[in-house]
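Everything on this sheet refers to the single structure shown next.
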Amino acid sequence: MSGAAPRTVICLLRNDLRYHDSEVLRWAQNNADYVIPLYCFDPRQYLRTYYYGFPKTGPHRLKFLLESVKDLRQTLKKKGSNLVVRKGNPEDVVHDLITQLGTVAAVAFHEEATKEELDVEKALQRVCAQHGVKIQTFWASTLYHRDDLPFRHISRLPDVYTQFRKAVEAQAKVRPTVQMPDQLKPLAPGVEDGCIPVPEEFGQKDPLTDPRTAFPCSGGETQALMRLQHYFWDTNLVASYKETRNGLIGIDYSTKFAPWLALGCISPRYIYEQIRKYEKERTANQSTYWVIFELLWRDYFRFVALKYGTRIFLLKGLQDKDVPWKKDPKLFDAWKEGRTGVPFVDANMRELAATGFMSNRGRQNVASFLTKDLGLDWRMGAEWFEYLLVRPNSTCDWGGLSFSLQVADNRPPCMGLKGTELPLSSIPALLEEGSYNLVRSF
C-alpha cells in the first residue's frame, strides 16, 4: 500500500537471547518494516531477594548474562540488525521508545511463567493499551508447547512428574523449530543501540575464572551451539550421558546446557531435533533418551509454576505443610561457606562460591543437608542458589529445591551419589566412590 506509514515492531527479549528458533523475531520480520530487538537490564533484578535479602544476581550469573547479551548483539549485527540495550524497567523503556518513535505497530515478546516476569507483562499491556499499540505474545520456553499439553487446563497438570511425563510422551508432539531469515529488518531510524553495561554499574566486579571449575564456558548462543556440537557430534559423549551425568569433576560428564537454556541462548526444541537426528544417524539408547527426559523435568517445573503461581515460593510449599523450620544464621553461614564439617557438603558449597556452578547431584545433597540435617528454612537455600548459580532459572531452582525437600512431595533425606537417597551417615562411605576428587579440589 503506497504511502502507508512504515510499521515498527519492538521485540522485547528476556530469557530468549538467541536468533535461532525465535518466534518473536520471525513474526516481527514478517509483519514490520522496522524491527527493534530490545534487551533491558531491569534494575529490580539487581536488588535483594524477597525473604532473606541476599543479592538477587551474583557475579557469575551477571558475567554470563553480559556475555550472552554481547553475543546476541554480534549475531544480530551479522543479520543486518542490532540489539538495542537499555537500563531500566522494561515497561518504562518501551513507553519511552513508543513516545520517541511516535507510532509503533506492536510490541512482541515470549511469555514467562513466574510472578516477577508476569508483572512485567501486565505493565507492558497497560503501556501498550495507553498508546493503542498491539501486544503479540508467544510461548517458547519449553520443549512442549503449553497449548499442546494433553490436559484440558493447566489446573489438571498432574502433581507427580512421572504421570506428566507419560501423558505428554504418549499424547503430545514437539513442535518443529521455526526457520529464521538470513537477514533481519533494520532498526527504525533514530533508535540508538545503547551501551552494554559493565559489572561495576551493578556494584559488582567481573569474577576471575577458577581453574577448578566444571563449567569454564561463556554465555551466549554461539557458545551454546558449539557446546552441543562438541557434546553430540564431535565426541559422541551424549551416547553415554545416562552413565556419566551424575559426575562431579570436569566439563564433559554432563551436557552443561542448563545455563544457556535458562537465558534462552539455546532452544530446547533445537536440542530435541539434534537428539533425534543423532539417534537416526548414529545411535539411539537410554542416554540419548535421558537428555529428553531431563528437558521434560525442566518443562514440568515451568508448568507447575503456571499451575500454582506464587505458591511455589511459599514456606509451606505446594502441599501446605507445617514444618518447624529454623532460621539460625550461624548454621546457615556454616552451610553457605562450606564449614559444616561434612567434607562432601562443604566441597560442593565452596565450589558454588568459587565458580557459580554445582552439579545436579551436589545440589540435591546440599539441599537435603540444609533442611533435613540442619532443619533450616528451605527458602534460605533457594535464595542462596538464586544468587550464586550461573543458571538463573527460578522455576527449576525453587521448584527443584522444594521437590527435593519434602515441601512438594515425600522424599527421604540426603541423596546418594548413585541416585539412591540415603541418610547423612552414608556420605563418608560414598566418598570412596568418586567424590574424593571434588573434596580434594575444594
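The values are calculated or read from the model by the stated rules, or taken from the named source; none is laboratory data. All of these numbers come straight from a predicted model, not from anything done at the bench. Because the Cβ atoms are built from the backbone with ideal geometry, glycine has one as well, and the counts that use them run over all protein chains shown.
Figures for the structure shown
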quantity: Residue within the stretch 1-19 that is crowded, with 16+ Cβ neighbours inside 10 Å, part of a helix (DSSP H, G or I) and aromatic (F, W, Y) present; calculated: no
quantity: Qualifying residue in the stretch 229-236 (condition: touching a residue at least 12 places away in the same chain (Cβ under 8 Å), assigned to a helix (DSSP H, G or I) and either surrounded by 18 or more Cβ atoms within 10 Å (Cβ to Cβ) or among the aliphatic types (A, V, I, L, M) (or both)); calculated: yes
quantity: Count of the stretch 20-65 residues which are within 22 Å of I312 (Cβ to Cβ), of a type in the set (F, W, Y) and in a strand (DSSP E or B); calculated: 0
quantity: Residue under evaluation K277, criteria (1) closer than 30 Å to A347 by Cα; (2) loosely packed, with under 14 Cβ neighbours inside 10 Å; (3) free of Cβ contacts under 8 Å to residues at least 24 places away in the same chain, criterion not met; calculated: (1)
quantity: Counted residues, the stretch 31-56 - those being of a type in the set (V, I, T) and either surrounded by fewer than 19 Cβ atoms within 10 Å (Cβ to Cβ) or out of contact with any helix residue (DSSP H, G or I) (no Cβ under 6 Å at 6 or more places or on another chain) (or both); calculated: 2
quantity: Filter result for P59 (more than 18 Å from G219 (Cα to Cα), buried (at least 17 other Cβ atoms within 10 Å of the Cβ) and at pLDDT 95 or above); calculated: no
quantity: Residue satisfying all of: in the stretch 51-90; of a type in the set (S, T, Y) and within 19 Å of the chain's Cα centre (by Cα); farthest from K326 (Cα to Cα) among these; calculated: S68
quantity: Residue list for the stretch 132-160, filter: more than 26 Å from V304 (Cβ to Cβ) and either surrounded by 15 or more Cβ atoms within 10 Å (Cβ to Cβ) or touching a residue at least 60 places away in the same chain (Cβ under 8 Å) (or both); calculated: V133, Q136
quantity: Test: residue in the stretch 166-185 that is surrounded by fewer than 19 Cβ atoms within 10 Å (Cβ to Cβ), touching a Cys at 6+ places or on another chain (Cβ under 9 Å) and touching a residue at least 24 places away in the same chain (Cβ under 8 Å); calculated: no
quantity: Some residue of the stretch 212-225 being of a type in the set (F, W, Y), free of Cβ contacts under 8 Å to residues at least 24 places away in the same chain and part of a loop (DSSP other than H, G, I, E, B); calculated: no
quantity: Hey, S81 crowded, with 21+ Cβ neighbours inside 10 Å and more than 30 Å from G309 (Cα to Cα) or not; calculated: yes
quantity: Residue satisfying condition, being buried (at least 18 other Cβ atoms within 10 Å of the Cβ) and either in contact with a helix residue (DSSP H, G or I) (Cβ under 8 Å, 6 or more places away or on another chain) or among the β-branched types (V, I, T) (or both), within set Y253, Y308; calculated: Y253
quantity: Flag if D322 is assigned to a helix (DSSP H, G or I), without any contact (Cβ under 8 Å) to a residue 12 or more places away in the chain and either closer than 14 Å to L248 by Cα or out of contact with any Phe, Trp or Tyr (no Cβ under 9 Å at 6 or more places or on another chain) (or both); calculated: no
quantity: The listed residue being under 19 Å from the mean Cα position of the chain (by Cα), touching a residue at least 24 places away in the same chain (Cβ under 8 Å), farther than 19 Å from N437 by Cα and surrounded by 18 or more Cβ atoms within 10 Å (Cβ to Cβ), out of F293, F301, F332; calculated: F301
quantity: Residue among Y270, Y289 that alone is part of a helix (DSSP H, G or I) and in contact with an Asp or Glu (Cβ under 8 Å, 6 or more places away or on another chain); calculated: Y270
quantity: Leading residue by the ranking (farthest from W233 (Cα to Cα)) among those in the stretch 273-286 that are in contact with a helix residue (DSSP H, G or I) (Cβ under 7 Å, 6 or more places away or on another chain) and either assigned to a helix (DSSP H, G or I) or of a type in the set (F, W, Y) (or both); calculated: Q286
quantity: Answer from G53, G88 - the residue that is on the phi > 0 side of the Ramachandran plot and in contact with a strand residue (DSSP E or B) (Cβ under 9 Å, 6 or more places away or on another chain); calculated: G88
quantity: Selected residue (only one of V291, V304 is assigned by TED's automatic domain parsing to the domain that holds R245 and at pLDDT below 95); calculated: V304
quantity: Residues within the stretch 370-379 that are in contact (Cβ under 8 Å) with a residue 40 or more places away in the chain, in a helix (DSSP H, G or I) and farther than 14 Å from I312 by Cα, tallied; calculated: 3
quantity: Residue in the stretch 123-131 that is more than 24 Å from the chain's Cα centre (by Cα), at pLDDT 95 or above, in the same structural domain as F301 (by TED's automatic domain parsing) and over 30 Å from Q274 (Cβ atoms) present; calculated: no
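This table checks each residue for (1) out of contact with any His (no Cβ under 9 Å at 6 or more places or on another chain); (2) outside the structural domain of L296 (by TED's automatic domain parsing); (3) modelled with pLDDT of 95 or more.
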position	(1), (2), (3)
P216	yes, yes, yes
Q229	yes, no, yes
K242	yes, no, yes
I249	yes, no, no
D252	no, no, yes
W260	yes, no, yes
